[in-house]
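The values are calculated or read from the model by the stated rules, or taken from the named source; none is laboratory data. Because the structure is a prediction, the values reported are computed rather than measured. When we count neighbours, we look across all protein chains shown, and the Cβ atoms used for this are built from the backbone with ideal geometry, even at glycine. Remember, those area values only see protein heavy atoms, side chains included, never the ligands or the DNA or RNA. Shrake-Rupley method; radii C 1.70, N 1.55, O 1.52, S 1.80 Å.
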Amino acid sequence: MRTIQFREAICEAMSEEMRNDESIYLMGEEVAEYNGAYKASKGMLAEFGAKRVIDTPIAELGFTGIAVGSAMNGCRPIVEYMTFNFCLVGIDQIINNAAKMRQMTGGQFNVPIVFRGPTASAGQLGATHSQALENWFANTPGLKVVVPSTVYDAKGLLKAAIRDNDPVIFMESEQMYGDKGEVPDGEYVIPIGVADIKRPGTDVTIVSFGKIIKEAHIAAEELAKEGISCEIIDLRTVRPMDYETILTSVKKTNRLVVLEEAWPFASVASEITYIVQERAFDFLDAPIQRITTADTPAPYSPVLLKEWLPNADDVIKAVKKVMYK
């Protein structure tokens, strides 16, 4: 095993796949000459050249459409958005073309494409640069949605996403690119649609994904000091969702807390809550607790932003509530 940064894991995954398949290319703003806005494509222009690592204008609608068209004609593009907030300019190409083309052509066209970049908040970036849009894309049949929280998961899942023959939304975090973690020296791939139990426990299940899961780990450490054992499940993939891992855990712990960095209405947490009450209602010893951001646009003020975001204290309170403590 060796220790690398999150950005290096992303770069390694893309580079390894591009060495094995000449139909793969990377396209986006500042991915080439600048080595990526977050240095996640460092050295790739020098290795693969300007035909496969392509700097684009600030025109998400245009280059997203180019990528979809090229995917229908034998290429396997990786599209990087400087933030998924900016992909809204080109979301018509993602939702109405990439996600639907396979069905609308009766299976004649696959769209093997990865849309990747950071999601959710990253400090004082204001309301329009701080949105978590996982549930938007997960609501769309035809798209797979991956949100890794560790360096190891990021590399293995990105390789799987690049190899997938359907469009994959791969969501990262600006605040995680410097995170360090261990990865194997050899190749490995993590299958899409499989959750991971990051911390085994017996008293309560906590389900989360992406960078906000760090707050669950902080909370679990504090709760352990009080004798409360938390099982933490990292979804890793929002769609397709690994319901069975969640249900098996809930049937063991009989309590569920869902932590998500997104607005509460029609959230991923809402979907999980519905599935658990439908399939494991008789196993629940307490109502499910959902922790999300406040139901407002993200504030710029650091004081308000701290209140807006979920944190470890919120998790501790939710866990104690389902434990009736």
Look through 128, 83 and report the one residue that is hydroxyl-bearing (Ser, Thr, Tyr) and open to solvent by 40 Å² or more (accessible area, probe 1.4 Å).
128
List every residue pair whose Cβ atoms lie under 8 Å apart, where the two residues are 6 or more positions apart in sequence or sit on different chains, the first residue falls within segment 1-24 and is free of Cβ contacts under 8 Å to residues at least 40 places away in the same chain and assigned to a helix (DSSP H, G or I), and the second residue, located anywhere, is polar (S, T, N, Q) and open to solvent by less than 70 Å² (accessible area, probe 1.4 Å).
11/41
Any chance segment 266-287 includes a residue that's aromatic (Phe, Trp, Tyr) and closer than 16 Å to residue 138 by Cβ?
yes
In segment 302-320, is there at least one residue being without any contact (Cβ under 8 Å) to a residue 40 or more places away in the chain, farther than 24 Å from residue 148 by Cβ, open to solvent by less than 50 Å² (accessible area, probe 1.4 Å) and out of contact with any strand residue (DSSP E or B) (no Cβ under 9 Å at 6 or more places or on another chain)?
no
Could you say which residue among 248, 237 is open to solvent by 20 Å² or more (accessible area, probe 1.4 Å) and among the polar types (S, T, N, Q)?
248
Against the condition more than 21 Å from the chain's Cα centre (by Cα) and either open to solvent by 10 Å² or more (accessible area, probe 1.4 Å) or at pLDDT 95 or above (or both), how does residue 216 come out, does it pass?
no
Check segment 47-55 and report whether any residue there is of a type in the set (A, V, I, L, M, F, W, C), surrounded by fewer than 19 Cβ atoms within 10 Å (Cβ to Cβ) and modelled with pLDDT under 95.
no
Please find, within segment 259-276, the residue that is nearest to residue 204 (Cα to Cα) out of those that are open to solvent by less than 10 Å² (accessible area, probe 1.4 Å) and part of a loop (DSSP other than H, G, I, E, B).
260
Test residue 254 against the stated conditions and say whether it is on the phi > 0 side of the Ramachandran plot and either in contact with a Cys (Cβ under 7 Å, 6 or more places away or on another chain) or open to solvent by 20 Å² or more (accessible area, probe 1.4 Å) (or both).
yes
Take residue 120 and tell me if it is under 23 Å from residue 295 (Cα atoms), of a type in the set (Gly, Ala, Ser), touching a residue at least 24 places away in the same chain (Cβ under 8 Å) and surrounded by 18 or more Cβ atoms within 10 Å (Cβ to Cβ).
yes
Output yes when any residue across segment 114-136 is basic (Lys, Arg) and within 19 Å of residue 60 (Cβ to Cβ), and no when none is.
yes
Consider residue 197 carefully, then state whether it is open to solvent by 10 Å² or more (accessible area, probe 1.4 Å) and under 15 Å from residue 118 (Cα atoms).
no
Of the residues in segment 64-80, those that are in contact with a strand residue (DSSP E or B) (Cβ under 9 Å, 6 or more places away or on another chain), open to solvent by 10 Å² or more (accessible area, probe 1.4 Å) and not basic (Lys, Arg) number 3
Evaluate the following for residue 15: is it open to solvent by less than 20 Å² (accessible area, probe 1.4 Å), at negative phi, within 19 Å of the chain's Cα centre (by Cα) and among the small types (Gly, Ala, Ser)?
no
Among the numbered criteria (1) assigned to a helix (DSSP H, G or I); (2) more than 13 Å from residue 165 (Cα to Cα), which single criterion is violated by residue 50?
(1)
